[in-house]
Amino acid sequence: MQLSRLTLIPVLVALSSLAQAGVVMELVSRDASGQETDRAKIFAQEGMLRMNHGSDEDAAMIFLGDRFLYVNHSEKSYIVMDEAMLEEVSAQVSEAMKEMEAELANMPPEQRAMVEQMMQGKMKGMMAGQAAAAPKPRVERLGASKWQSYACRQYAVYEGAGKTQQVCAAKLDDVAGADEAMDAFIGMAAYMRKMAESMPMFADEGMNPGELMDQIDGFPVHTIDYENGKVLRETSLDSVSEQDLDEELFAAPAGYRRENPLGRR
(Lines give C-alpha, C1' and ligand atoms only; values in the text may rest on other atoms or scores of the structure.)
Protein backbone atom coordinates (compact mmCIF):
# COMPACT_ATOMS: atom_id res chain seq x y z
CA MET A 1 0.00 0.00 0.00
CA GLN A 2 1.43 3.38 -0.96
CA LEU A 3 0.62 6.29 1.34
CA SER A 4 1.26 9.90 0.42
CA ARG A 5 3.23 12.25 2.66
CA LEU A 6 0.08 13.93 4.01
CA THR A 7 -1.64 10.62 4.61
CA LEU A 8 1.07 9.89 7.16
CA ILE A 9 0.68 13.14 9.10
CA PRO A 10 -2.40 12.07 11.11
CA VAL A 11 -0.61 8.86 12.03
CA LEU A 12 1.99 10.80 13.97
CA VAL A 13 -0.15 13.72 15.06
CA ALA A 14 -2.55 11.37 16.82
CA LEU A 15 -0.02 9.97 19.28
CA SER A 16 -1.49 10.14 22.77
CA SER A 17 -0.54 12.84 25.25
CA LEU A 18 -0.65 10.17 27.94
CA ALA A 19 2.94 9.04 28.48
CA GLN A 20 2.15 5.35 28.94
CA ALA A 21 -0.78 5.08 26.53
CA GLY A 22 -0.55 4.11 22.90
CA VAL A 23 -2.74 4.72 19.89
CA VAL A 24 -4.18 2.30 17.35
CA MET A 25 -5.42 3.84 14.12
CA GLU A 26 -6.90 2.60 10.88
CA LEU A 27 -6.59 4.42 7.57
CA VAL A 28 -8.84 3.37 4.73
CA SER A 29 -8.15 3.98 1.04
CA ARG A 30 -10.77 4.02 -1.72
CA ASP A 31 -10.47 4.30 -5.47
CA ALA A 32 -12.17 6.91 -7.65
CA SER A 33 -15.42 4.90 -7.65
CA GLY A 34 -15.54 4.82 -3.85
CA GLN A 35 -14.61 1.15 -3.62
CA GLU A 36 -12.42 0.32 -0.65
CA THR A 37 -9.03 -0.85 -1.90
CA ASP A 38 -6.87 -1.12 1.19
CA ARG A 39 -6.43 -0.46 4.87
CA ALA A 40 -3.39 0.31 6.98
CA LYS A 41 -3.29 -0.31 10.71
CA ILE A 42 -1.13 2.03 12.75
CA PHE A 43 0.31 1.49 16.23
CA ALA A 44 2.04 4.43 17.96
CA GLN A 45 3.47 4.77 21.45
CA GLU A 46 6.17 6.90 23.12
CA GLY A 47 7.54 8.17 19.82
CA MET A 48 7.61 4.73 18.17
CA LEU A 49 5.48 3.88 15.16
CA ARG A 50 4.40 0.68 13.46
CA MET A 51 2.45 0.47 10.22
CA ASN A 52 1.03 -2.84 9.01
CA HIS A 53 0.70 -2.84 5.24
CA GLY A 54 -2.08 -4.59 3.37
CA SER A 55 -5.26 -6.28 4.46
CA ASP A 56 -3.37 -9.49 5.24
CA GLU A 57 -0.77 -7.61 7.30
CA ASP A 58 1.98 -9.49 5.47
CA ALA A 59 4.52 -6.70 6.02
CA ALA A 60 5.22 -3.97 8.56
CA MET A 61 7.31 -0.82 8.82
CA ILE A 62 8.55 0.18 12.28
CA PHE A 63 10.20 3.49 13.19
CA LEU A 64 12.18 3.56 16.44
CA GLY A 65 13.62 7.07 16.45
CA ASP A 66 17.09 6.16 15.21
CA ARG A 67 16.30 3.38 12.75
CA PHE A 68 13.65 1.72 10.62
CA LEU A 69 12.71 -1.96 10.64
CA TYR A 70 11.02 -3.52 7.60
CA VAL A 71 9.40 -6.82 8.54
CA ASN A 72 8.39 -9.42 5.94
CA HIS A 73 6.07 -11.91 7.59
CA SER A 74 5.76 -14.16 4.54
CA GLU A 75 9.55 -14.66 4.49
CA LYS A 76 9.90 -14.47 8.28
CA SER A 77 12.68 -11.94 7.85
CA TYR A 78 13.43 -8.27 8.47
CA ILE A 79 15.92 -5.58 7.50
CA VAL A 80 17.28 -2.69 9.55
CA MET A 81 17.96 0.73 8.06
CA ASP A 82 20.18 2.70 10.43
CA GLU A 83 23.39 4.74 10.54
CA ALA A 84 25.52 1.64 9.99
CA MET A 85 23.61 0.72 6.84
CA LEU A 86 23.85 4.25 5.45
CA GLU A 87 27.61 4.23 6.03
CA GLU A 88 27.87 0.86 4.29
CA VAL A 89 25.94 2.18 1.30
CA SER A 90 28.30 5.14 1.05
CA ALA A 91 31.35 2.86 1.31
CA GLN A 92 30.04 0.51 -1.39
CA VAL A 93 29.33 3.38 -3.77
CA SER A 94 32.82 4.77 -3.19
CA GLU A 95 34.37 1.33 -3.74
CA ALA A 96 32.40 0.79 -6.95
CA MET A 97 33.52 4.16 -8.31
CA LYS A 98 37.18 3.34 -7.61
CA GLU A 99 36.86 -0.04 -9.35
CA MET A 100 35.23 1.58 -12.36
CA GLU A 101 37.98 4.20 -12.59
CA ALA A 102 40.63 1.47 -12.45
CA GLU A 103 38.96 -0.48 -15.25
CA LEU A 104 38.63 2.63 -17.40
CA ALA A 105 42.32 3.42 -16.97
CA ASN A 106 43.24 0.08 -18.59
CA MET A 107 40.98 0.53 -21.63
CA PRO A 108 42.06 1.79 -25.06
CA PRO A 109 41.16 5.49 -25.54
CA GLU A 110 38.28 4.85 -27.97
CA GLN A 111 36.71 2.14 -25.83
CA ARG A 112 37.15 4.26 -22.71
CA ALA A 113 35.42 7.23 -24.35
CA MET A 114 32.51 4.99 -25.37
CA VAL A 115 32.11 3.52 -21.88
CA GLU A 116 32.34 6.95 -20.24
CA GLN A 117 29.61 8.22 -22.55
CA MET A 118 27.39 5.26 -21.65
CA MET A 119 28.02 5.77 -17.94
CA GLN A 120 27.15 9.45 -18.20
CA GLY A 121 23.80 8.46 -19.70
CA LYS A 122 23.14 6.02 -16.87
CA MET A 123 24.05 8.61 -14.24
CA LYS A 124 21.64 11.07 -15.82
CA GLY A 125 18.97 8.39 -15.66
CA MET A 126 19.68 7.80 -11.97
CA MET A 127 19.38 11.50 -11.32
CA ALA A 128 16.20 11.86 -13.39
CA GLY A 129 14.01 11.19 -10.37
CA GLN A 130 15.66 14.03 -8.50
CA ALA A 131 15.34 16.33 -11.48
CA ALA A 132 11.64 15.54 -11.74
CA ALA A 133 11.21 16.24 -8.03
CA ALA A 134 13.06 19.54 -8.25
CA PRO A 135 9.92 21.72 -8.27
CA LYS A 136 9.03 21.86 -4.60
CA PRO A 137 5.39 21.10 -3.80
CA ARG A 138 3.42 24.20 -2.95
CA VAL A 139 0.26 24.50 -0.90
CA GLU A 140 -2.71 26.78 -1.51
CA ARG A 141 -5.13 27.40 1.33
CA LEU A 142 -8.77 27.08 0.32
CA GLY A 143 -12.02 27.61 2.21
CA ALA A 144 -13.58 26.01 5.25
CA SER A 145 -15.13 22.57 4.89
CA LYS A 146 -16.21 19.50 6.83
CA TRP A 147 -15.34 15.83 6.78
CA GLN A 148 -17.64 13.55 8.76
CA SER A 149 -17.68 15.06 12.27
CA TYR A 150 -14.62 17.26 11.69
CA ALA A 151 -14.73 20.93 10.80
CA CYS A 152 -11.67 21.50 8.67
CA ARG A 153 -9.75 23.74 6.30
CA GLN A 154 -9.18 22.65 2.71
CA TYR A 155 -5.69 22.78 1.17
CA ALA A 156 -4.64 22.09 -2.42
CA VAL A 157 -1.14 20.72 -3.08
CA TYR A 158 0.60 21.33 -6.40
CA GLU A 159 3.78 19.95 -7.90
CA GLY A 160 4.65 22.16 -10.82
CA ALA A 161 1.40 23.09 -12.54
CA GLY A 162 -0.40 19.89 -11.60
CA LYS A 163 -2.63 19.43 -8.59
CA THR A 164 -1.58 16.31 -6.71
CA GLN A 165 -3.63 16.43 -3.52
CA GLN A 166 -6.50 18.06 -1.70
CA VAL A 167 -6.41 17.90 2.08
CA CYS A 168 -9.08 18.43 4.72
CA ALA A 169 -7.26 19.40 7.94
CA ALA A 170 -9.03 19.70 11.29
CA LYS A 171 -7.76 22.03 14.00
CA LEU A 172 -4.96 20.65 16.12
CA ASP A 173 -6.93 21.65 19.22
CA ASP A 174 -9.43 18.95 18.29
CA VAL A 175 -6.76 16.26 18.68
CA ALA A 176 -5.53 15.42 22.18
CA GLY A 177 -1.77 15.68 22.50
CA ALA A 178 -1.22 16.88 18.94
CA ASP A 179 1.55 19.37 19.74
CA GLU A 180 3.47 16.82 21.79
CA ALA A 181 3.05 14.24 19.02
CA MET A 182 4.57 16.59 16.46
CA ASP A 183 7.95 16.13 18.14
CA ALA A 184 7.98 12.46 17.13
CA PHE A 185 6.74 13.35 13.67
CA ILE A 186 9.52 15.90 13.18
CA GLY A 187 12.06 13.28 14.26
CA MET A 188 10.85 10.82 11.64
CA ALA A 189 10.85 13.45 8.90
CA ALA A 190 14.39 14.53 9.82
CA TYR A 191 15.61 10.94 9.74
CA MET A 192 14.05 10.39 6.32
CA ARG A 193 15.82 13.49 5.00
CA LYS A 194 19.11 12.17 6.34
CA MET A 195 18.51 8.86 4.58
CA ALA A 196 17.78 10.66 1.32
CA GLU A 197 21.02 12.63 1.58
CA SER A 198 23.00 9.42 2.08
CA MET A 199 21.28 7.64 -0.82
CA PRO A 200 20.33 10.38 -3.32
CA MET A 201 19.75 7.89 -6.13
CA PHE A 202 16.77 6.53 -4.18
CA ALA A 203 15.54 9.86 -2.85
CA ASP A 204 11.89 10.65 -3.39
CA GLU A 205 10.76 13.83 -1.66
CA GLY A 206 7.15 12.80 -2.13
CA MET A 207 7.72 10.01 0.39
CA ASN A 208 8.72 12.32 3.22
CA PRO A 209 5.61 13.16 5.26
CA GLY A 210 7.38 16.07 6.93
CA GLU A 211 7.90 18.00 3.74
CA LEU A 212 4.64 19.97 3.94
CA MET A 213 3.97 20.00 7.68
CA ASP A 214 4.88 23.69 7.99
CA GLN A 215 2.37 24.58 5.27
CA ILE A 216 -0.62 22.61 6.53
CA ASP A 217 -2.27 24.08 9.63
CA GLY A 218 -4.09 21.24 11.31
CA PHE A 219 -4.74 17.53 11.33
CA PRO A 220 -5.39 15.93 7.89
CA VAL A 221 -8.43 13.69 8.30
CA HIS A 222 -9.16 13.23 4.60
CA THR A 223 -6.81 13.35 1.62
CA ILE A 224 -7.57 13.05 -2.09
CA ASP A 225 -4.72 12.09 -4.42
CA TYR A 226 -4.80 13.17 -8.06
CA GLU A 227 -2.98 11.87 -11.11
CA ASN A 228 -3.10 13.73 -14.41
CA GLY A 229 -6.03 15.79 -13.18
CA LYS A 230 -8.13 12.79 -12.16
CA VAL A 231 -8.91 11.38 -8.72
CA LEU A 232 -6.60 8.46 -8.03
CA ARG A 233 -7.65 7.57 -4.49
CA GLU A 234 -9.01 8.95 -1.23
CA THR A 235 -7.53 8.16 2.16
CA SER A 236 -9.25 8.94 5.44
CA LEU A 237 -8.85 8.32 9.13
CA ASP A 238 -11.35 5.56 9.89
CA SER A 239 -10.84 4.89 13.60
CA VAL A 240 -8.67 5.85 16.57
CA SER A 241 -8.43 4.17 19.98
CA GLU A 242 -6.09 4.74 22.92
CA GLN A 243 -4.65 1.70 24.66
CA ASP A 244 -1.45 0.38 26.22
CA LEU A 245 0.57 -1.41 23.55
CA ASP A 246 2.93 -4.34 23.95
CA GLU A 247 6.54 -3.32 23.34
CA GLU A 248 6.93 -6.40 21.13
CA LEU A 249 4.85 -4.60 18.50
CA PHE A 250 7.84 -2.34 17.93
CA ALA A 251 10.41 -5.09 17.42
CA ALA A 252 11.07 -7.84 14.90
CA PRO A 253 9.29 -11.06 15.91
CA ALA A 254 11.38 -13.67 17.70
CA GLY A 255 12.82 -16.24 15.32
CA TYR A 256 12.84 -13.96 12.27
CA ARG A 257 16.17 -13.74 10.46
CA ARG A 258 17.83 -10.43 9.74
CA GLU A 259 18.52 -9.83 6.05
CA ASN A 260 21.16 -7.48 4.68
CA PRO A 261 19.66 -5.65 1.67
CA LEU A 262 23.19 -4.84 0.48
CA GLY A 263 23.97 -8.52 0.01
CA ARG A 264 26.57 -8.91 2.75
CA ARG A 265 26.18 -11.21 5.74
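Quick notes on this structure:
- Residue in the stretch 38-78 that is surrounded by the most Cβ atoms within 10 Å (Cβ to Cβ), counting only those that are among the polar types (S, T, N, Q) and within 18 Å of the chain's Cα centre (by Cα): Asn52
- Whichever residue in the stretch 114-146 is over 24 Å from the mean Cα position of the chain (by Cα), at pLDDT 80 or above and of a type outside the set (S, T, N, Q) and, among such residues, is surrounded by the fewest Cβ atoms within 10 Å (Cβ to Cβ): Gly143
- Filtering Ile216, Ile224 for residues that are assigned by TED's automatic domain parsing to the domain that holds Glu159, within 22 Å of Ala144 (Cα to Cα), surrounded by 12 or more Cβ atoms within 10 Å (Cβ to Cβ) and at pLDDT 90 or above leaves a single hit, Ile224.
- Cβ pairs under 6 Å, 6+ apart, first in the stretch 39-51 and in contact (Cβ under 8 Å) with a residue 60 or more places away in the chain and within 14 Å of Asp244 (Cα to Cα), second buried (at least 23 other Cβ atoms within 10 Å of the Cβ) and hydroxyl-bearing (Ser, Thr, Tyr): none
The values are calculated or read from the model by the stated rules, or taken from the named source; none is laboratory data. Predicted, not measured: the structure shown is a model, and the values here were computed from it. Positions of Cβ are backbone-derived with ideal geometry, glycine not excepted, and every protein chain shown enters the neighbour counts.
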